[in-house]
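Reading through the structure tokens given below for one structure.
The values are calculated or read from the model by the stated rules, or taken from the named source; none is laboratory data. Keep in mind it's a predicted model, so treat the numbers as computed, not measured. Please note: Cβ atoms are built from the backbone with ideal geometry, for glycine as well, and neighbour counts cover all protein chains shown.
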Amino acid sequence: MQNVKGTLYIFSAPSGAGKTSLVTELVKSTDRLMVSVSHTTRAMRPGEENGVHYHFIDVATFENMVADDVFLEHARVFDNYYGTSQQAIEEQLANGFDVILEIDWQGARQVRQRMPDNVSVFILPPSRAELENRLKGRGQDSDDIIARRMRDAVSEMEHYAEYDYMVVNDDFETALAELKSIVNSRRLVASRQQLALQGLLTELLA
């Protein structure tokens, strides 16, 4: 099989929808699928590795990268900056890997402008009550913070219509199977298969 350029995926969801857990399992169980490693100015947390979880850089370096137009998308979240290297994404896609960007709706809009050939997926919770239960279940935040996260979640979910697919994470295994079906169906599109199976098609049609 010939190496075919990979697909860029945008995954967005409100906090508490379970996106990170789904993406982790999806990548683990799918070949040639990876998550983009972003750059950030926030401090490294215990258990994190530079270059694995994030590329940890200082603010001055980040601002220089913005000035040099390095980022496919970037944003300030609270007091920290986050950004995705466009060159790194393009190299991974050229090497035949499908790449997932875990970004919010604002980042998704930036990506669509610069790399419109992508597949976008929005992950929803099964209900507003369940979303609040999940946020409370973390046991780490005050009521005020949870209320703010709920407001932010509603604001994020208002942009669901900008995405190609929607998946509801009610049952984890069902949601995971649906995400796998999105990836697999993209890989089976005739125009992609024609490139991947050139040798076989030549033999069959000889």
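Can you tell me which residue among His39, His53 is surrounded by 20 or more Cβ atoms within 10 Å (Cβ to Cβ) and either over 28 Å from Ala161 (Cβ atoms) or at pLDDT below 95 (or both)?
His39
With the condition kept exactly as written, say whether any residue in region 78-91 is farther than 25 Å from Glu25 by Cβ, of a type in the set (Gly, Ala, Ser), surrounded by 14 or more Cβ atoms within 10 Å (Cβ to Cβ) and touching an Asp or Glu at 6+ places or on another chain (Cβ under 8 Å). So far as region 78-91 goes, yes, one or more of its residues are farther than 25 Å from Glu25 by Cβ, of a type in the set (Gly, Ala, Ser), surrounded by 14 or more Cβ atoms within 10 Å (Cβ to Cβ) and touching an Asp or Glu at 6+ places or on another chain (Cβ under 8 Å).
When the test is whether a residue is within 30 Å of Ala196 (Cα to Cα) and either part of a helix (DSSP H, G or I) or in contact (Cβ under 8 Å) with a residue 12 or more places away in the chain (or both), Leu101 passes it. Filtered by the rule that a residue be small (Gly, Ala, Ser) and farther than 22 Å from Arg109 by Cα, region 121-173 gives Ser127, Ala129, Gly137, Gly139, Ser142, Ala147. Residues of region 8-21 that are of a type in the set (Ser, Thr, Tyr) and out of contact with any Phe, Trp or Tyr (no Cβ under 9 Å at 6 or more places or on another chain): Tyr9, Ser15, Thr20.
Yes/no per residue for (1) over 30 Å from Asp68 (Cβ atoms); (2) without any contact (Cβ under 8 Å) to a residue 40 or more places away in the chain:
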| residue | (1), (2) |
| --- | --- |
| Ala94 | no, no |
| Val111 | no, no |
| Leu135 | yes, no |
| Ile145 | yes, yes |
| Met157 | yes, no |
| Asp170 | yes, no |
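Of all residues in region 147-164, those satisfying the criterion of being part of a helix (DSSP H, G or I), within 27 Å of Ile10 (Cβ to Cβ) and not hydroxyl-bearing (Ser, Thr, Tyr) are Arg148, Arg149, Met150, Arg151, Asp152, Ala153, Val154, Glu156, Met157, Ala161, Glu162. Taken as a whole, the structure places Asp170 among residues that are surrounded by 13 or more Cβ atoms within 10 Å (Cβ to Cβ), outside any helix (DSSP H, G or I) and charged (D, E, K, R). Condition check for Gln140 on (1) within 18 Å of the chain's Cα centre (by Cα); (2) in a loop (DSSP other than H, G, I, E, B); (3) not charged (D, E, K, R): one failure, at (1). The condition (being in a helix (DSSP H, G or I) and crowded, with 16+ Cβ neighbours inside 10 Å) is satisfied by just one residue among Val4, Val23: Val23.
Just a yes or no: is a residue in region 38-59 assigned to a loop (DSSP other than H, G, I, E, B), out of contact with any Phe, Trp or Tyr (no Cβ under 6 Å at 6 or more places or on another chain), among the aliphatic types (A, V, I, L, M) and under 18 Å from Arg114 (Cβ atoms)? The answer is no, given that none of the residues of region 38-59 is assigned to a loop (DSSP other than H, G, I, E, B), out of contact with any Phe, Trp or Tyr (no Cβ under 6 Å at 6 or more places or on another chain), among the aliphatic types (A, V, I, L, M) and under 18 Å from Arg114 (Cβ atoms).
A single entry from Gly47, Gly83 fulfils the requirement of being without any contact (Cβ under 8 Å) to a residue 60 or more places away in the chain and at positive phi: Gly47.
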